[in-house]
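Here is the structure we will look at.
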Amino acid sequence: GPETDKVGFAIVGLGKLSLGQLIPGLKVAKGAKLAAVVSGHPDKARRVAAENGLPADAVYGYDDYDRMAQDPRIQVVYIVLPNALHAEHTIKALKAGKHVLCEKPMATTIADAEAMIAAAKATNRHLMIAYRCHYEPLNLDVMRRLRAKSLGRVRQINTTMGRQADPSDPSDAWRLDAALSGAGALGDMGVYGISAARYLLNEEPVAVQAWAWTDPADPRFKETQDLINWQFRFPSGVIANGSTSFAYAPTMAFEAICEQGRLVADPAAFYGGNRLTVVKGGQAQPPVPAPPVDQFAREMDWMADVVRGKAPMVSPGEEGLQDMRLMQAILDSAAKDGATVRT
Ligand code: NDP
């Protein structure tokens, strides 16, 4: 629709994701547009605003939520800060009367996630967690195939979500710092596998077991853990295995093993180039590329439609909270050498 009909977004934190994906995504979004930027670096913020045709008064600092409350150009505040800052800024934006889209992982503690949900209820605003895969065509296709039992019943899910963390990159430095990141690789990458197991199966785990190993000689892991493997048991009898690491080659893949074949999404959750291989019996069909969409534009357009009452809320705060609870169960089990944690 015309620019004036679009829902205005304020982007909070002008780092790698905001500059590389979200602001470009808003340029191609159909129902969402950039309305303001919020940053701790005024020079950068003014430059980004100017480059994107925003007026000078659409530049905000982190202490400016009172002024934001008076700004009707902003309907959604998108929190794109280090994980430990999500709760504080989400709650401030909700109290300023704005709807909030918050990056994953939702928070660094269950208590913070609960406080965010309570603030959204108290202010009667929408709180959506930015789980882009919930809106991505390949992931949606796998969900449909599993719901339709296209290869019979699903028996097992495997998810592998990790990459090499680079401590010389400022965007990774805070991810290795427990105070800002929370659970390191688990919160950054592993959360994709936790949430995938849940949305692929459409049920919730009842028991969790996990094992962790971190190379004591690797200087990256003074505060956070590296490799974690876990197992979820679901009421239907399905088992989901997950793995995450900040010290293995980049992978964001999952497979669903069914009675008559496998659905292999590898990659399943990169920004582009995702592919689905259907294996029937033992026979792999040619891989099918995911439709080339801007996942960030889709997710922000979905939020815009939620705000306009045109779309249901698919990834509310409660989704993020459930993943926080499962991450905690994984950490608790791993701390007890794989003891079963009931959820
Ligand atoms: P960056 O480090 O690149 O950017 C974070 C920004 O937050 C900084 O540039 C800075 O913006 C602001 N900030 C405020 N306080 C601090 C602080 N104490 N330390 C560092 N930065 C601070 O991170 P990313 O953009 O990679 O990640 C941001 C969030 O987005 C994370 O929660 C991450 O998990 C999530 N993410 C999600 C992805 C997805 O696919 N959904 C992909 C990548 C990240 P300024 O200078 O403007 O103040």
*Inside region 103-134, can you point out the residues that are within 11 Å of the ligand (Cβ to nearest atom), over 16 Å from V306 (Cα atoms) and not charged (D, E, K, R)?*
P105, M106, A107, T108, C133
*What is the residue count in region 235-268 for residues that are β-branched (V, I, T) and open to solvent by 10 Å² or more (accessible area, probe 1.4 Å)?*
4
*Determine whether region 86-95 contains at least one residue that is in a loop (DSSP other than H, G, I, E, B) and either open to solvent by less than 10 Å² (accessible area, probe 1.4 Å) or within 10 Å of the ligand (Cβ to nearest atom) (or both).*
no
*Residues that are within 14 Å of the ligand (Cβ to nearest atom) and open to solvent by less than 50 Å² (accessible area, probe 1.4 Å), drawn from region 35-51*: A36, V37, V38, S39, G40, A45, V48, A49
*Could you list, in sequence order, all residues of region 269-292 that are open to solvent by less than 50 Å² (accessible area, probe 1.4 Å) and either touching a Leu at 6+ places or on another chain (Cβ under 7 Å) or not assigned by TED's automatic domain parsing to the domain that holds K149 (or both)?*
N274, L276, V278, A290
*Answer yes or no: is there a residue in region 19-35 that is under 24 Å from the mean Cα position of the chain (by Cα), closer than 20 Å to A120 by Cα, among the small types (G, A, S) and part of a helix (DSSP H, G or I).*
no
*So which residues in region 141-169 are in contact with a helix residue (DSSP H, G or I) (Cβ under 8 Å, 6 or more places away or on another chain), farther than 17 Å from E203 by Cβ and not charged (D, E, K, R)?*
L151, T160, M161, G162, A165, P167
*Determine whether D266 is closer than 27 Å to G152 by Cα and of a type in the set (D, E).*
yes
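Sort out which residues of region 56-68 are over 16 Å from E88 (Cβ atoms) and aliphatic (A, V, I, L, M), and write them in order of number.
A56, A58, V59
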_Report every pair of residues separated by at least 6 positions or lying on different chains whose Cβ atoms are under 9 Å apart, first residue within region 34-48 and within 11 Å of D64 (Cβ to Cβ), second charged (D, E, K, R) and part of a loop (DSSP other than H, G, I, E, B)._
A36/D71; A36/R73; V38/D64
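Among the residues of region 125-156 satisfying the criterion of being in a helix (DSSP H, G or I) and within 12 Å of the chain's Cα centre (by Cα), which is farthest from D188 (Cα to Cα)?
Y135
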*If you go through region 155-211 one residue at a time, how many are away from the ligand (no atom under 16 Å from the Cβ), crowded, with 24+ Cβ neighbours inside 10 Å and among the β-branched types (V, I, T)?*
2
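The values are calculated or read from the model by the stated rules, or taken from the named source; none is laboratory data. Computed from a prediction, not measured in an experiment: that's the story for all the values here. Using ideal geometry, Cβ is built from the backbone for each residue, glycine included, and neighbour counts are taken over all protein chains shown. The area values use the complete protein model at the heavy-atom level, side chains included, leaving out ligands, DNA and RNA. Shrake-Rupley method; radii C 1.70, N 1.55, O 1.52, S 1.80 Å.
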